[in-house]
Amino acid sequence: MRFDVVTLFPDMFAVVRDLGVTGRAHTQGLWALHAWNPRDYTHDAHRTVDDRPYGGGPGMVMMAGPLSDAVDAAQRSRAATEPSPAPVILLSPTGPRFDQARAQSLAAGAGAVLICGRYEGVDQRFIDRQVIEEISLGDFVLSGGELAAMAIIDATVRLMPGVLNDDESAIQDSFNPALSGLLDSPHYTRPEVYQGTPVPAPLLSGHHARIARWRREQSLRLTATRRPDLIVRARAQGWLTAEDERFLQTLVDGDLSAPTRG
Ligand SMILES: C[S@@+](CC[C@H](N)C(=O)[O-])C[C@H]1O[C@@H](n2cnc3c(N)ncnc32)[C@H](O)[C@@H]1O
């Protein structure tokens, strides 16, 4: 797996390259990171990468030329090391929102060339010629695409085989098909009683089936309360059992919000 990032701020990527789960996986050689700075593909003394927008208005726009040359350099370098091509993705608030399904499909591929915009955005002619996909991190505007690119790298790399050990397994995470695409259940650790609040009894029972059922019901409750759209999707996919449906019906009949103490 190889990620190439086209960015005016390559140093920002030290966070995913060097720290935490992604840092460990990078050290183990499970993924590689290459940064390409559009300033290195300019031809003037000031290394200009932006200019005023045609039509007027505030801010500056990233020029097509340096971005395009940086992407070409990244693609040439990739061709020398990677057996299969990777999508050129622009981080942009105008793209479809990133989700766990896209992280999973990226994790099954060869990586990506991630373009990080700055200023008011990038010249549309660059997008039309070089970009195959746009991805948004959410309905808000960042100062640049770097944080969005790092979020995508993190979410993708942790899904690669061998990156997480069993204790950290992504299988039980929110949105995972193994969890029927539901939200994760609450977690507890020591002490058994914290400021007068005990750990829910099923988790202390040592009874695996009871613990699994309690976790499933907490997932169903949380998802029904916060993300009913995910319940609808799980139902449409046939991921909910008759027991799940009976529990969901008790939520409709009763109080959705109260956590089950067990
Ligand atoms: C200040 S933003 C430009 C916003 C643009 N004028 C707009 O309103 O859609 C600069 C860059 O940050 C990145 N960016 C901002 N918000 C983002 C988001 N929600 N998801 C992904 N990238 C984002 C994009 O690369 C964008 O080109």
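Read-outs: derived from the displayed coordinates by stated rules, not from any lab. Here the structure is a predicted model, which means the values were calculated and not measured. For neighbour counting, all protein chains shown are included, and Cβ atoms are generated from backbone atoms with ideal geometry for every residue, glycine included.
Worth pointing out:
- Cα-based Rg of the chain normalised by 2.2 N^0.38 Å, two decimals: 1.25
- The loop-placed chymotrypsin sites (Phe, Trp or Tyr not before Pro) in segment 15-105, going by DSSP, that have at most 12 neighbouring Cβ atoms within 10 Å of their Cβ come out as TYR54.
- Length-normalised contact order for segment 173-256 - Cα pairs under 8 Å, 6+ apart - percent: 29
- In segment 2-158, inverting the average of 1/r over every pair of distinct C-alpha atoms gives 15.9 Å as the Kirkwood radius.
- Percent RCO, i.e. relative contact order, over the chain, from Cα pairs under 8 Å lying at least 6 residues apart: 17
- Computed about its Cα centre, the charge dipole of segment 2-158 is approximately 340 debye, with only Lys, Arg, Asp and Glu carrying charge at their Cβ.
- Restriction of the chymotrypsin sites (Phe, Trp or Tyr not before Pro) in segment 117-193 to DSSP coil positions whose beta-carbon has at most 15 other beta-carbons within 10 angstrom yields PHE140, TYR188.
- Loop-located GluC sites (Glu not before Pro) in segment 98-145, at most 10 other Cβ atoms within 10 Å (DSSP): none
- Ordering HIS208, THR225, GLN195 by the projection of their Cα atoms onto the charge dipole of the chain, which places +1 on the Cβ of Lys and Arg and -1 on the Cβ of Asp and Glu, puts HIS208 at the extreme positive end.
- Its Cα centre serving as origin, the chain has a Cβ charge dipole (Lys and Arg +1, Asp and Glu -1) of approximately 560 debye.
- Toward the positive end of the charge dipole of segment 5-84, with +1 on the Cβ of Lys and Arg and -1 on the Cβ of Asp and Glu, the farthest Cα among GLY59, VAL71, GLY20 is that of GLY20.
- Placing +1 on each Lys and Arg Cβ and -1 on each Asp and Glu Cβ, with no other charges, gives segment 22-99 a dipole about its Cα centre of roughly 200 debye.
- Estimated from helices alone, the mean residue ellipticity of the chain at 222 nm is -11500 deg cm²/dmol (sum of -39500 (n - 2.57) over DSSP H runs with n ≥ 4, per residue).
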